[in-house]
Amino acid sequence: MRLIILFLIGLVFGVGISISGMANPAKVLNFFDFAGAWDPSLIFVMGGAVVVTFIGYRFVLKRPAPIMDAKFHLPTRRDLDLPLIAGSAAFGVGWGIAGFCPGGALPALGTGRSEVFIFVAALLAGVFVAKFLKSALAKRATAQA
């Protein structure tokens, strides 16, 4: 039953991303092109997501635990560090260059377009490189201590 619910949640997310145009890199790139063919329509998509999230969190976080897990997994750190800033910058630059973010690229895999597969492969490579670097830096820090 858990897998069916997770599948349905992913399906709703993917359909929403596809309908909104967030899986279309040309639409996303036009949203970022303020000096050219700017398409402001994604503001409504993002605004709608913010409103739904703002209201939804008010209801969901009143529960003692989520329905499908033992506890909520919320961030506890509030400081800004180099990995957070570098990761945010890499995400933004990648989104601006490719027109895909991970949330839009995964549903777009169903289109079969090669650029989507290239982006997802690069995304996965980036995840593995980041994990490797984090591990190497942690080992280096413990060796120096």
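Scanning the range 17-66 for residues that are crowded, with 16+ Cβ neighbours inside 10 Å and under 16 Å from the mean Cα position of the chain (by Cα) turns up ILE17, SER18, SER20, GLY21, MET22, ALA23, ASN24, PRO25, VAL28, LEU42, VAL45. Of the residues in the range 15-23, at least one is under 19 Å from VAL93 (Cα atoms) and either in contact with a Gly (Cβ under 7 Å, 6 or more places away or on another chain) or in a helix (DSSP H, G or I) (or both). Criterion first (surrounded by 12 or more Cβ atoms within 10 Å (Cβ to Cβ), among the aliphatic types (A, V, I, L, M) and touching a residue at least 40 places away in the same chain (Cβ under 8 Å)) does ILE5 satisfy it? It is false that ILE5 is surrounded by 12 or more Cβ atoms within 10 Å (Cβ to Cβ), among the aliphatic types (A, V, I, L, M) and touching a residue at least 40 places away in the same chain (Cβ under 8 Å).
Since every read-out is calculated from the coordinates, none of them should be taken as a lab result. Nothing here was measured: the structure is a model prediction, and the numbers come from that model. Because the Cβ atoms are built from the backbone with ideal geometry, glycine has one as well, and the counts that use them run over all protein chains shown.
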